[in-house]
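A.B. asks: Below: one structure in structure tokens.
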2 protein chains.
Amino acid sequence: MISTNEYFDGNVKSLGYKTSTGNSTVGVMEAGDYEFGTSTHETMIIIEGEMTVKLPGDSVWATYKAGESFEIDANEKFQVKVSAQTAYLCQYK
Amino acid sequence: MISTNEYFDGNVKSLGYKTSTGNSTVGVMEAGDYEFGTSTHETMIIIEGEMTVKLPGDSVWATYKAGESFEIDANEKFQVKVSAQTAYLCQYK
């Protein structure tokens, strides 16, 4: 089954599915500022657009463009700023 | 706005958005056989999984894996076979 998920009043939407190696989502974020929490390790890969991200424990923001990725451990929070609609792949494993 | 789209009784779902260069969707297909029609030129890029595709005018099927892409002109039909949940990016331009 493909799950449909909405967060932040529909400003972030994603579709959930399974691969041979774990669970994934593809999603889209509207322009905005977000704080996300993880329950498992996540690898985020930018598909189109870009995300400016403050990773757990970091004091600086870093910008990730299409094709670039970052990882977050389980049970962490991270902050994301998006200036235009941005698509991403999130792998949970 | 991020649009949510469902086709083939929910076996194909996608999220629509805009980039600086045009309209895009990220989507997921369940295992199955599909025929799609285009109204504009489309570039399909496999994100995870794989698609076996018969392009307009082709008599043979070709398999596209993650990171690979194919293009279809406007007002064409193409056939897709998917053996496991597969995520894609479709750029309309």
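A.B. asks: Give me the distance in nm between label points sitting 7 Å out from Cα along the Cα-to-Cβ direction at B:K77 and A:A74, one decimal.
C.D. replies: The modelled label-to-label distance comes out at 4.9 nm.
A.B. asks: While we're on this one: To one decimal in nm, how far is B:K81 from the same spot in the other copies, if labels go 7 Å from Cα toward Cβ? Please give the shortest first.
C.D. replies: Label-point separations across copies, in nm and ascending: 5.0.
A.B. asks: Next question. Tell me which B residue has its C-beta closest to the axis rotating B onto A, and the distance in Å?
C.D. replies: Chain B residue with minimal Cβ-axis distance: B:V26, 2.
A.B. asks: When only Cα pairs under 8 Å and 6 or more residues apart are kept, what is the percent relative contact order across chain B?
C.D. replies: Worked out over chain B, it gives 35 percent.
A.B. asks: Step through the residues of region B:57-70 one at a time and calculate ³J(HN,Hα) from phi using the Karplus curve (6.51 cos²θ - 1.76 cosθ + 1.60, θ = phi - 60°), rounding each to whole Hz and writing x for Gly and Pro.
C.D. replies: Values, residue by residue: x, 8, 9, 10, 8, 10, 9, 10, 9, 3, x, 8, 9, 9 Hz.
A.B. asks: For B:Y34, what accessible surface area do you get with a 1.4 Å probe? Give it in Å², rounded to 10.
C.D. replies: Using a 1.4 Å probe on the heavy atoms, I get roughly 20 Å².
A.B. asks: From the square roots a ≥ b ≥ c of the eigenvalues of the alpha-carbon gyration tensor of the protein assembly as shown, which class results: rounded (a/c under 1.5), prolate (a/b over b/c), or oblate?
C.D. replies: Prolate.
A.B. asks: In 10 Å bins starting at zero, report the fraction of Cα pairs in region A:3-92 per bin as a rounded %.
C.D. replies: Calculated P(r), rounded to whole percents: 17, 55, 26, 1.
A.B. asks: When the Cα centres of region A:1-73 and region B:5-68 are compared, how far apart do they sit, in Å?
C.D. replies: Comparing the Cα centres of region A:1-73 and region B:5-68, I get a distance of 21 Å.
A.B. asks: Please report, in debye to the nearest 20, how large the charge dipole of chain A is about its Cα centre when each Lys and Arg carries +1 at its beta carbon and each Asp and Glu carries -1 there.
C.D. replies: Using Cβ point charges on Lys, Arg, Asp and Glu, chain A gives about 220 debye.
A.B. asks: Still on this structure, please answer the following. Around B:K81, with a cut-off of 13 angstrom between Cβ atoms, what is the net charge of the other residues, counting Lys and Arg +1 and Asp and Glu -1?
C.D. replies: -3
A.B. asks: Taking A:M1 in one copy and the same position in all the others, each labelled 7 Å out along Cα→Cβ, what are the pairwise distances from the first, in nm, shortest first?
C.D. replies: Ordered by increasing distance: 2.7 nm.
The values are calculated or read from the model by the stated rules, or taken from the named source; none is laboratory data. All values derive from a computational prediction rather than experimental measurement. Methodologically, a virtual Cβ is constructed for each residue, glycine included, from the backbone with ideal geometry; neighbour enumeration extends over all protein chains shown. Please note that ligands, DNA and RNA were not included when accessible areas were found on the heavy atoms of the full protein model with its side chains. Shrake-Rupley method; radii C 1.70, N 1.55, O 1.52, S 1.80 Å.
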